[in-house]
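To keep things clear, I will list the structure first and then write my remarks on it.
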Amino acid sequence: MAELKIDNVYKSFGEEHILKGISLDVTDGEFIILVGPSGCGKSTLLNCIAGLEDVTTGDILLGDTNVTYEAPKDRDIAMVFQSYALYPNMNVRKNIAFGLEIRKMPKAEIAEEVARVAKLLQIEPLLDRKPSQLSGGQRQRVAMGRALARRPKIYLFDEPLSNLDAKLRVEMRTEMKKLHQRLGTTIVYVTHDQIEAMTLADRIAVMKGGIVQQFGTPQEVYDDPANMFVAGFMGSPSMNFLRCEVTKQEKDYAVQIESQGTIFQLPVDPKQADLSSYVGKTVVLGIRPEQITHVMPHLVAEQYITQVPVKIEVTEPTGADTLILARINDQECECRVHPQEAGKVGESMELLFNMSKAVFFDEQTEARL
Amino acid sequence: MLASRKKGIDYWLPKLVVSPTLVIALVFFYGFVLWTTFISFTNSSFLPSYELVGFDQYVRLFMNPRWLNAMWNLVVFGVLFIGICMVVGLVMAILLDQNIRAEGAIRTIYLYPMALSFIVTGTVWKWLLNPTVGIEKFVISLGWDSFVFDWIIDPDMAIYTVVIAGVWQASGFVMAIFLAGLRGIDTSIIKAAQLDGANLFAVYTRIIIPSMRPVFFSAFIMLAHIAIKSFDLVIALTGGGPGNSTDVPAIFMYQFSFQRGQLGIGAASAVIMLMTVLAILVPYLYSELRTPKNG
């Protein structure tokens, strides 16, 4: 186990720049998730940490040693691959033992270590099988077992759950979290699934275009996104972005929305943003679906809550909630209401807009205000 | 009505198209295999006769020193040809798999000998190996007067010249098979092995080559049947000589059947060759066809 420090790493393939100055500090025992759309450079960064690809400039420090120019085998890193990458010619026992054999560990210790890992991951009955005889979930466990066996300084996971079916993925997610809590290892984990990122990570690095857009705890990234990309990427269903005009009220500011021909002023919490220089101009209001709900009498009187009637265009029941697509300022806006309160398509419905967690973005730069 | 007639054509057309091939295969492959097998149990000599004599022809065949010599040559040629082709092909495939430049061009160059007929290969190598015009002459003309490379006229060494020409022709093809096998291996397996601490040599010897077993089988089967059927290469290169020193079963079979008027012995030798091929092929097919059940 060790700290990992990535210092201003650039990676280019010829003229194509994949990583553009990545800096991350990972403390000992932390579970870090790199998340982003495909092509954002997250897998390249992971390969650079592993040493499978050379960085163009910048440094990678593992503990106190600079490993930037060391071969993968000297870095003491274990990696779990998306395709599991089990050795097809070896049975599970040999797969787990391979790294230990290469490192010339005595036979008895290898057997002990394999037994420990097999017990930890509950794969003892599979030890004599070949990878081709295992199911996807079992292969996944073996791949993790192979990583665990060497007790490396740091573990890298490259989209380890994306080849599993939805139900198994949720199970393995929980299991992985338990495992991390038990072992307390440093993990860097790549995924494109923002739910995986939210549920597993101690801290999330949201990447796009070879740049870390934001690096923070899941709650920080969710509540306090650095820009429109992060806000839109994290959360499902994703945040509503409504372009609207800023108006000056008695002492505070508000944004103006229109629904069914009527104009409403939504008051802006000064703690969320200072819009004084935007009066009369257009900003992007970011408001999550769960902040637009059906009318709850105990909330109606609160300061940053406004009641607005909207026209229902589409309803999507999810069981726990029903999502309603409404039209605000002639833009689509998703709202989350209780299934029993949801109206029918084409009807009008009263909704509460809770502005206490709303965020605002510049229309051009997409930066947070 | 129209629909049912259409269905009739759909039903009959594939069978109609395939049937000539089926008839040809049945008559000319399996029919003549059976006929040859039958002839091998008769006393046929210049013309086929249908008088059964049991295993007499086989006894005569295995009493014939020329046949035993041909069989021994087949063993020497087969083992060396298959072995060297596999090693050379594998090494070339591994070297070519290292993401080198102009791989496509190099691959084509190595594969080209396979496009030649064995007759052409044999003729070219006959000239190259001929001491008075080929490599020996060339090296001597460079000033190395004592250089001798006359395997092709040495009865003890001539069979190895057949191996050289055969390897030159077939190893590019084996390389292509191995290269396809190497490309079929998930690159993340190699990355995983590197992280596990294995160097490139260990990655190949411990993981990649062992997991290419089916590819080795395919290459072996293809080379083995080339070796057993080898006829044209030997005819073009040495003509079976000097003397009978590079005789192989196919030449023996041809000469006894069609030149010496001993059809019975020729048929018996052909049956032995068929048995040799089957002895290799049947276990292979058996193992190939039953694997899906385990998987």
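The values are calculated or read from the model by the stated rules, or taken from the named source; none is laboratory data. Remember, it's a predicted structure, so these values are computed and weren't measured experimentally. Here Cβ is always computed from backbone atoms with ideal geometry, including for glycine, and neighbour counts include all displayed protein chains. Quick note on the areas: whole protein, heavy atoms, side chains included, nothing else; ligands and nucleic acids left out. Shrake-Rupley method; radii C 1.70, N 1.55, O 1.52, S 1.80 Å.
Quick one: which of B:Ser171, B:Ser188, B:Ser269 is closer than 30 Å to A:Pro152 by Cα and at pLDDT 85 or above?
After applying the criteria, what remains is B:Ser188.
Looking at B:Ala267, B:Ala202, B:Ala198, B:Ala219, which one is open to solvent by less than 70 Å² (accessible area, probe 1.4 Å), closer than 25 Å to B:Val53 by Cβ and in contact with a helix residue (DSSP H, G or I) (Cβ under 8 Å, 6 or more places away or on another chain)? Explain how you work it out, then say what you get.
On the way: B:Ala202 fails: closer than 25 Å to B:Val53 by Cβ; B:Ala198 fails: closer than 25 Å to B:Val53 by Cβ; B:Ala219 fails: closer than 25 Å to B:Val53 by Cβ.
None of the other options fit; the residue is B:Ala267.
Filter the range B:34-43 down to the residues that are of a type in the set (S, T, N, Q) and outside any loop (DSSP other than H, G, I, E, B), then identify the one that is surrounded by the fewest Cβ atoms within 10 Å (Cβ to Cβ). Working first, answer last.
Step one: list which residues in the range B:34-43 are of a type in the set (S, T, N, Q), which gives B:36-37, B:40, B:42-43.
Still in the list and also outside any loop (DSSP other than H, G, I, E, B): B:36-37, B:42.
Working: B:Thr36: 18, B:Thr37: 14, B:Thr42: 19.
Checking each candidate, the answer is B:Thr37.
Could you figure out which of (1) open to solvent by 50 Å² or more (accessible area, probe 1.4 Å); (2) farther than 23 Å from B:Thr246 by Cβ; (3) touching a residue at least 24 places away in the same chain (Cβ under 8 Å) isn't true of B:Met71?
Single failed check for B:Met71: (2).
Look at B:Leu278 and say whether it is within 14 Å of chain A (Cβ to nearest Cβ), of a type outside the set (S, T, N, Q) and loosely packed, with under 15 Cβ neighbours inside 10 Å.
Working: within 14 Å of chain A (Cβ to nearest Cβ): no; of a type outside the set (S, T, N, Q): yes; loosely packed, with under 15 Cβ neighbours inside 10 Å: yes.
It is false that B:Leu278 is within 14 Å of chain A (Cβ to nearest Cβ), of a type outside the set (S, T, N, Q) and loosely packed, with under 15 Cβ neighbours inside 10 Å.
Identify the residue in the range A:108-138 that is under 33 Å from the mean Cα position of the chain (by Cα) and β-branched (Val, Ile, Thr) and, among all such residues, is farthest from the other protein chains (Cβ to nearest Cβ).
Among them, the one singled out is A:Ile123.
Scan the range B:205-216 for residues that are at the interface with another protein chain (Cβ under 10 Å from one of its Cβ atoms) and surrounded by fewer than 14 Cβ atoms within 10 Å (Cβ to Cβ) and report the count.
The qualifying residues number 1.
Just one of (1) in a helix (DSSP H, G or I); (2) over 30 Å from A:Leu61 (Cβ atoms); (3) among the polar types (S, T, N, Q) trips up A:Gln181, so point out which.
Condition not satisfied by A:Gln181: (2).
Residue under question is A:Ile49, and the condition is that it be surrounded by 20 or more Cβ atoms within 10 Å (Cβ to Cβ) and away from chain B (no Cβ under 14 Å); does it hold?
When the stated conditions are applied, A:Ile49 does not pass them.
Going through A:Leu52, A:Leu45, A:Leu61 one at a time, which residue ends up being in a strand (DSSP E or B) and farther than 19 Å from A:His180 by Cβ?
Criteria check complete, one pass: A:Leu61.
Considering only the range A:191-234, give the helices (runs of 4 or more DSSP H) lying wholly within it that have at least 2 residues that are over 10 Å from the mean Cα position of the chain (by Cα) and in contact (Cβ under 8 Å) with a residue 60 or more places away in the chain.
In the range A:191-234, the matching helices (runs of 4 or more DSSP H) lie at A:228-233.
Take the range A:241-268 and flag every residue that is under 23 Å from A:Asp223 (Cα atoms) and open to solvent by less than 10 Å² (accessible area, probe 1.4 Å).
Those that are under 23 Å from A:Asp223 (Cα atoms) and open to solvent by less than 10 Å² (accessible area, probe 1.4 Å): A:Leu242, A:Cys244, A:Val246, A:Ala254, A:Val255, A:Ile257, A:Leu266, A:Val268.
Hey, any hits in the range B:225-236 for a residue that's in contact (Cβ under 8 Å) with a residue 12 or more places away in the chain and within 14 Å of another protein chain (Cβ to nearest Cβ)?
no
Which of the strands (runs of 3 or more DSSP E) found entirely inside the range A:275-369 contain at least 1 residues meeting this: exposed (fewer than 14 other Cβ atoms within 10 Å of the Cβ) and free of Cβ contacts under 8 Å to residues at least 12 places away in the same chain? Step through it out loud before you land on a result.
Values: elements: A:282-287, A:292-294, A:305-317, A:322-328, A:331-337, A:348-354, A:359-362.
In the range A:275-369, A:305-317 are the strands (runs of 3 or more DSSP E) which contain 1 or more residues that are exposed (fewer than 14 other Cβ atoms within 10 Å of the Cβ) and free of Cβ contacts under 8 Å to residues at least 12 places away in the same chain.
Taking the range A:141-171, which residues are assigned to a helix (DSSP H, G or I), buried (at least 20 other Cβ atoms within 10 Å of the Cβ) and among the hydrophobic types (A, V, I, L, M, F, W, C)?
A:Val142, A:Ala143, A:Met144, A:Ala147, A:Leu148, A:Ala149
Answer yes if at least one residue in the range A:5-13 is within 14 Å of chain B (Cβ to nearest Cβ), without any contact (Cβ under 8 Å) to a residue 24 or more places away in the chain and open to solvent by 10 Å² or more (accessible area, probe 1.4 Å), and no otherwise.
Within the range A:5-13 (the criterion being within 14 Å of chain B (Cβ to nearest Cβ), without any contact (Cβ under 8 Å) to a residue 24 or more places away in the chain and open to solvent by 10 Å² or more (accessible area, probe 1.4 Å)), the answer is yes, since at least one residue qualifies.
For the range B:178-195, indicate whether the set of residues that are over 26 Å from A:Ser132 (Cα atoms) and open to solvent by 10 Å² or more (accessible area, probe 1.4 Å) is non-empty.
Checked the range B:178-195: no residue is over 26 Å from A:Ser132 (Cα atoms) and open to solvent by 10 Å² or more (accessible area, probe 1.4 Å).
In the range B:86-104, which residue that is farther than 21 Å from B:Gly166 by Cα and of a type outside the set (A, V, I, L, M) is most open to solvent (accessible area, probe 1.4 Å)?
So, considering only residues that are farther than 21 Å from B:Gly166 by Cα and of a type outside the set (A, V, I, L, M), the one most open to solvent (accessible area, probe 1.4 Å) is B:Arg101.
Would you call A:Met105 within 14 Å of another protein chain (Cβ to nearest Cβ) and in a strand (DSSP E or B)?
It is false that A:Met105 is within 14 Å of another protein chain (Cβ to nearest Cβ) and in a strand (DSSP E or B).
Would you tally the residues in the range A:246-269 being in contact with a Lys or Arg (Cβ under 7 Å, 6 or more places away or on another chain) and assigned to a strand (DSSP E or B)?
1
If I filter the range A:54-64 for residues that are in contact with a Gly (Cβ under 6 Å, 6 or more places away or on another chain), within 14 Å of another protein chain (Cβ to nearest Cβ), surrounded by 18 or more Cβ atoms within 10 Å (Cβ to Cβ) and more than 26 Å from A:Gly14 (Cα to Cα), do I get at least one hit?
No, the range A:54-64 has no match at all.
Can you tell which of B:Gly243, B:Gly239, B:Gly181, B:Gly197 is within 14 Å of another protein chain (Cβ to nearest Cβ) and more than 30 Å from B:Gly104 (Cα to Cα)?
Numbers: B:Gly243 fails: within 14 Å of another protein chain (Cβ to nearest Cβ); B:Gly239 fails: within 14 Å of another protein chain (Cβ to nearest Cβ); B:Gly181 fails: more than 30 Å from B:Gly104 (Cα to Cα).
None of the others qualify; the one that does is B:Gly197.
Of the numbered conditions (1) crowded, with 16+ Cβ neighbours inside 10 Å; (2) more than 27 Å from A:Arg169 (Cβ to Cβ), A:Gln138 fails exactly one; give the number of that condition.
Tallying (1) crowded, with 16+ Cβ neighbours inside 10 Å; (2) more than 27 Å from A:Arg169 (Cβ to Cβ), A:Gln138 fails exactly one: (2).
Taking into account only those residues within the range A:65-100 that are facing chain B (nearest Cβ under 7 Å) and small (Gly, Ala, Ser), which is most open to solvent (accessible area, probe 1.4 Å)?
A:Ser83
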